[in-house]
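Engineer: Have a look at the structure that comes next, please.
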Amino acid sequence: MKHIILISIDNLRFDCIGYQPAKKELMKYDVSKYLQTPTLDRIAEKALCFTQCISTNTYTTAAHASAFTGLYPPRHGARAFYETKISKDAHTLAEVLKIFGYETVMMTDTANLFRPLELNRGFDHFFHKDDPGLLEFLEKNKEGKLFVFAHFFDVHEPFLLCENKTYDNSDYRKEVDLLYEKLDLKKYQSIKDSDKGAWRRLVDHLDSKDHEQFFPLYVRGVSKFDRGRFSDFMSGLENMAFLEDSLLVIFSDHGEGKSNTDRPEDFAHGGMLFDSVIRVPLILYKSDIGHKIINETVSIVDIFPTILNLSTNADIHELLPYELDGISLSSLTYDNDRTVYSETWQRDNKKLLIPMVFISSALRQRAVRSENVKYLVNGTPDLFSAADAVEKMSSEVFLQNVYRGLLRRFEEYDEYYAVLSRLNEKRLTKEGFLKHILSSSEFHSKPPYALYDLGEDPFEENPVSILNLSDRDSETVKHFDSIKFISSDPVTSDEIFPGDRSMITDIVRTAGKEDWQDKANMLINNRHLLSCIIDDFIVQHRNKDLVYNRKNFEQVVLRSREFSLFLNERMSKIPSKSIIKNIINKCVPYPTQLQIWNLLSKRIFPRETMRGRMWDKLLSRILNY
């Protein structure tokens, strides 16, 4: 076999390809009438087509790392969206194929997502949004053996926008103008905005993107890409006879759709593990394989071993110093009982005002999916399953695991600091606090385990919630145990922003506290707390000079005298908001507590003063409860 072409169509849903029989959601929202994918359909008609391919993640970076390594995220290290690189111990597909004499070529529309995570490792040549340049290179070098990876971002948000500037985007701009008008947001519109700037300004003034308004645009964008840029690219390959005696694999990293249990109408990705996002297309073409529809469950981790199996004569088990999570799909025999793994991480900066200076993430969901059932672990309750688990955790790590792993939310600075102080002063034990959390209304409203019967509930609207596994059958427990096993003992990998540690140390030292080293270590180990402090500083000082850029933000805000004084004060005492929160927790029923704190997090009440007519009315209601 001469060449290998691996194509990633970022954000392409599983049901937006003709071969896929499951189109219930397209029909539900009446968007199938917009779908025209002749280029993809023509390739699929002579290829292996997988109807049940599952991604390992709901976002670009970790999913591509899985496709490139054949490993689930706990084993390749690039797990949370933009924090860590691929592990140095993981071998990429490009690195392995180079050993077998392939010259390796990458083209991506998003170099900023690939290079920092070292997803470009092993590639000899790199192109950025340059289809003509790539095709010209392939024409000149087609006599050799080439591995080509092409990553297209056109289907991704902003919908209907082609990433390649040679294509007409007037239809996109027209639709954005119509959205401003339909959603009554024209007063925020600016003619000075770039194409993407116009979209960002629109979305910034919306609570969310709903299916009704945005699903049609998405599907029309898929059709535009297929009949335009993708058609031209494939024609370029065919015209130079590049596909003869070649292996072509087409997949997506994730889709777009239902992403949030609390807001099912949101049309997005990066959230929870719903099929509309993690179920993706997978097409495998080779002239001597032929056409077949495969309905068994497979994963994007299977791409790595499948390509190696079809392109080399090597024994994969002897080639690599570890076992892959993926299996080769070239044998045409599949395991009907197989389950595949997915996970997603939650980032804290979605509710904060700060730019992405210090990023914190928490493991939000893990799942294994079979043909008919999806088993989900919410948070990380397994961190507390061992008998001596709590005893082994430091107080800081313990609290972080309680808030993020059991309550599935990020801790506020004041509540964290208040409980930590009580633990350090021996006025509270970890076991006592854990017992309090496990009996709380908040924990009981968020069962740690769930499953979906995908046959009876294809839209995943009715989860079977499970508070503990003690009363479940052995088959169900086995699947939850497999989730814990796959994600246990994860690898460590290098940070994308390693300079953050020294920056935090300098900032805390400047604040001048006597115990600044202990405080710096606390904030280094839990950067979310520092993000909370920075966020409060911005709100209270209404700083108009902020520049939303990492380097400028560091100089303008974090190293300012005003911030040093503010940081010193915040680290010296528990803010008064914790007292107010204690009153609310004691005086108000739990559902109302949730409503109150959700409103606070959205800034409906002025956080810097905790005053105002709405707050006074709320406080009066609490005190008179």
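Engineer: Of L135, L71, which residue is crowded, with 23+ Cβ neighbours inside 10 Å and touching a residue at least 60 places away in the same chain (Cβ under 8 Å)?
Structural biologist: L71
Engineer: Which of the residues that make up region 285-303 are in a strand (DSSP E or B) and either more than 19 Å from G255 (Cα to Cα) or within 14 Å of the chain's Cα centre (by Cα) (or both)?
Structural biologist: Y285, K292, I293, I294
Engineer: R220 versus (1) over 23 Å from F50 (Cβ atoms); (2) at pLDDT below 95: which is the lone unmet condition?
Structural biologist: Checking R220 against (1) over 23 Å from F50 (Cβ atoms); (2) at pLDDT below 95, the one that fails is (2).
Engineer: Ok, one more. Listed residues K33, K46; which is within 22 Å of V148 (Cα to Cα) and surrounded by fewer than 20 Cβ atoms within 10 Å (Cβ to Cβ)?
Structural biologist: K46
Engineer: Let me ask something else about it. Any idea which of D471, D453, D382, D414 is surrounded by fewer than 14 Cβ atoms within 10 Å (Cβ to Cβ) and either in the same structural domain as S360 (by TED's automatic domain parsing) or in contact with a Phe, Trp or Tyr (Cβ under 9 Å, 6 or more places away or on another chain) (or both)?
Structural biologist: D471
Engineer: Tally time: how many residues in region 297-318 are over 22 Å from D10 (Cβ atoms) and either of a type in the set (V, I, T) or surrounded by 15 or more Cβ atoms within 10 Å (Cβ to Cβ) (or both)?
Structural biologist: Final tally of qualifying residues: 8.
Engineer: Further question: Restricting attention to region 80-119, report how many residues are outside any helix (DSSP H, G or I), in contact with a Ser or Thr (Cβ under 8 Å, 6 or more places away or on another chain) and within 22 Å of Y322 (Cα to Cα).
Structural biologist: Matching residues across region 80-119 total 11.
Engineer: Would you call L273 modelled with pLDDT of 95 or more and under 22 Å from Q365 (Cβ atoms)?
Structural biologist: Yes; evaluated as a whole, the condition is true for this residue.
Engineer: Just checking, how many residues over region 439-488 are more than 26 Å from G257 (Cβ to Cβ), of a type in the set (D, E, K, R) and touching a residue at least 12 places away in the same chain (Cβ under 8 Å)?
Structural biologist: The number of residues fulfilling the criteria is 2.
Engineer: While we're on this one: Is it the case that region 2-19 has a residue that's modelled with pLDDT of 95 or more, small (G, A, S) and within 24 Å of the chain's Cα centre (by Cα)?
Structural biologist: Yes, region 2-19 contains a residue that is modelled with pLDDT of 95 or more, small (G, A, S) and within 24 Å of the chain's Cα centre (by Cα).
Engineer: Hey, another quick one. Out of (1) surrounded by fewer than 15 Cβ atoms within 10 Å (Cβ to Cβ); (2) basic (K, R); (3) touching a strand residue (DSSP E or B) at 6+ places or on another chain (Cβ under 7 Å), the odd one out for R369 is which?
Structural biologist: (1)
Engineer: Taking the conditions exactly as written (surrounded by fewer than 17 Cβ atoms within 10 Å (Cβ to Cβ) and out of contact with any Cys (no Cβ under 8 Å at 6 or more places or on another chain)), does G432 satisfy them or not?
Structural biologist: Against the criterion (surrounded by fewer than 17 Cβ atoms within 10 Å (Cβ to Cβ) and out of contact with any Cys (no Cβ under 8 Å at 6 or more places or on another chain)), G432 qualifies.
The values are calculated or read from the model by the stated rules, or taken from the named source; none is laboratory data. No experiment lies behind these values; they were computed from the predicted model shown. Heads up, the Cβs are rebuilt from the backbone with ideal geometry, glycines too, and the neighbour counts pull from every protein chain shown.
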